[in-house]
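Okay, so here's the structure we're looking at.
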Amino acid sequence: MSAVLRLLETFCAVVEAGSLNRAAEALHLSQPAVTKQIRALEAELGVTLLVRGPQGVTLTPVGRRIHALARRAVAAAEACRRAAREWQDPGSTGVVVGAGLTLTLFTLPPVIAAFRRQFPGTRVEVRTGTSQETLARLLAYEVDLAFVTSPVSHPEVRTQVLFTDPLVLAAAPPAPAGEVRPVRVRDLQGRTLISFRRGSGLRQYLDQVLEARGVRPEVVMEFDSIEAIKTMVALGLGVALLPWSAVRADAEAGRIAAYPLADWPDAGRQISMIWRRDAYRPPTVRAFQALARQLLRQEPESERTGG
């Protein structure tokens, strides 16, 4: 590894850690050694990159610009190493995917299963998080590709819409049949609603739509887990607005009643696959993308760049 590249990797580690001490721990170096490398990089470039303070380090204006370039340089170097490993041992580097928990549970399994049949010796890692967290991981070169439910507009990211996952009203199975039929959004006014925690992408989307329609249901329970929400719904403790993909099996088995929203026919989440425009994608990553398109895409292919 060249001396300058090593300095750039240390610089990126310091920025991501937020302090010299934490970066030193992550790099398994002493704090003076990390400080020496940062000073050496600043001397090499002739500019001050970081301002040290009691709360950690802060990037200078030129430091922010250098950091963006340094991340690309470090990622390019890692891509070179990865390409070499792939050449020597195809499939050895694995595929790292970012996605929300709901997509991981109900959308990706058939893609992963098909991929494993095609590449039985290749490791697949899925890192879960919100759409914002997943995008941040993609931009930081921490995942090869990602699946998100929120629109992404970024100049460094390519997006392909795969399908729209409609929202339905989930309720306990009616007894007697036909007793429970709240199929209009306005009928949720004053109803007992079980929802996702505040801050999640779907919760934000639902709150915005309900507020725009003047509907204020009583949210009595909030969960991080969609399985927990479905359990509470099945017990009759409330109703929930959920993606059809997450309740389809339960509805078909009679555990949950799922109703389309008659006055909100376009309710749903747009599921997209995203990847960095400049990232190296080995054959296994491209194969995973091809399988996702084949198994998930319901509409004509639509690729666009953000900006």
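The values are calculated or read from the model by the stated rules, or taken from the named source; none is laboratory data. Every value quoted in this text rests on a predicted model; they were computed, and no experiment measured them. Don't worry about glycine lacking a Cβ; one is built from the backbone with ideal geometry, like all the others, and counts go over all protein chains shown.
So that you can scan it fast, the table gives a plain yes or no per residue for (1) over 30 Å from ALA267 (Cβ atoms); (2) surrounded by 15 or more Cβ atoms within 10 Å (Cβ to Cβ); (3) not assigned by TED's automatic domain parsing to the domain that holds ARG248:
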site: ARG71; (1), (2), (3): yes, yes, yes
site: VAL74; (1), (2), (3): yes, yes, yes
site: ALA99; (1), (2), (3): no, yes, yes
site: VAL126; (1), (2), (3): no, yes, yes
site: GLY129; (1), (2), (3): no, yes, yes
site: GLU142; (1), (2), (3): yes, no, yes
site: ALA146; (1), (2), (3): no, yes, yes
site: THR149; (1), (2), (3): no, yes, yes
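Being closer than 21 Å to LEU295 by Cα and in a helix (DSSP H, G or I) is the filter here, so list the residues in the range 118-141 that pass it. Scanning the range 118-141 gives a single hit, GLN118. Beta carbons closer than 7 Å, at least 6 apart along the sequence or on distinct chains, pair a first residue in the range 15-27 that is in contact (Cβ under 8 Å) with a residue 24 or more places away in the chain with a second that is in a helix (DSSP H, G or I) for VAL15/HIS67; LEU20/VAL14; LEU20/GLN31; LEU20/VAL34; LEU20/THR35.
Check the range 97-105 and report whether any residue there is more than 11 Å from the chain's Cα centre (by Cα) and either hydroxyl-bearing (Ser, Thr, Tyr) or over 24 Å from PRO243 (Cβ atoms) (or both). No, because not a single residue in the range 97-105 is more than 11 Å from the chain's Cα centre (by Cα) and either hydroxyl-bearing (Ser, Thr, Tyr) or over 24 Å from PRO243 (Cβ atoms) (or both). In the range 166-174, the condition of being out of contact with any helix residue (DSSP H, G or I) (no Cβ under 9 Å at 6 or more places or on another chain), over 26 Å from GLY201 (Cβ atoms), assigned by TED's automatic domain parsing to the domain that holds ALA253 and outside any helix (DSSP H, G or I) is met by at least one residue. Within the set ARG22, ARG39, the sole residue that is charged (D, E, K, R) and surrounded by 16 or more Cβ atoms within 10 Å (Cβ to Cβ) turns out to be ARG22. Within the range 142-165, the set of residues being part of a strand (DSSP E or B) and either farther than 21 Å from TRP244 by Cα or not hydrophobic (A, V, I, L, M, F, W, C) (or both) comprises LEU145, VAL157, ARG158, THR159, GLN160, THR164, ASP165. Would you be able to say whether some residue in the range 258-269 is under 21 Å from the mean Cα position of the chain (by Cα), outside any loop (DSSP other than H, G, I, E, B) and either within 29 Å of ALA292 (Cα to Cα) or assigned by TED's automatic domain parsing to the domain that holds PRO151 (or both)? Checked against the condition, which is being under 21 Å from the mean Cα position of the chain (by Cα), outside any loop (DSSP other than H, G, I, E, B) and either within 29 Å of ALA292 (Cα to Cα) or assigned by TED's automatic domain parsing to the domain that holds PRO151 (or both), the range 258-269 yields at least one hit. Does THR58 satisfy being closer than 26 Å to ALA136 by Cα, of a type in the set (Ser, Thr, Tyr) and crowded, with 19+ Cβ neighbours inside 10 Å? In short, no. Contact map, the range 46-62: first residue farther than 18 Å from LEU8 by Cβ, second residue in a loop (DSSP other than H, G, I, E, B) and β-branched (Val, Ile, Thr), Cβ cut-off under 9 Å, separation 6 or more or different chains; pairs are VAL51/THR60. The condition of being over 26 Å from ALA113 (Cβ atoms), free of Cβ contacts under 8 Å to residues at least 12 places away in the same chain and surrounded by fewer than 16 Cβ atoms within 10 Å (Cβ to Cβ) holds for only one of ASP278, ASP187, ASP266, that being ASP266. Out of curiosity, is ARG158 under 29 Å from PHE288 (Cβ atoms), of a type in the set (D, E, K, R) and surrounded by 15 or more Cβ atoms within 10 Å (Cβ to Cβ)? So ARG158 fits the description; yes.
Among the residues of the range 138-155, the ones that are modelled with pLDDT under 90 and in contact with a strand residue (DSSP E or B) (Cβ under 6 Å, 6 or more places away or on another chain) come to 2 in all. Counted as qualifying within the range 1-117 are the helices (runs of 4 or more DSSP H) with 1 or more residues that are of a type in the set (Phe, Trp, Tyr) and at pLDDT 85 or above, namely 3-17, 101-106.
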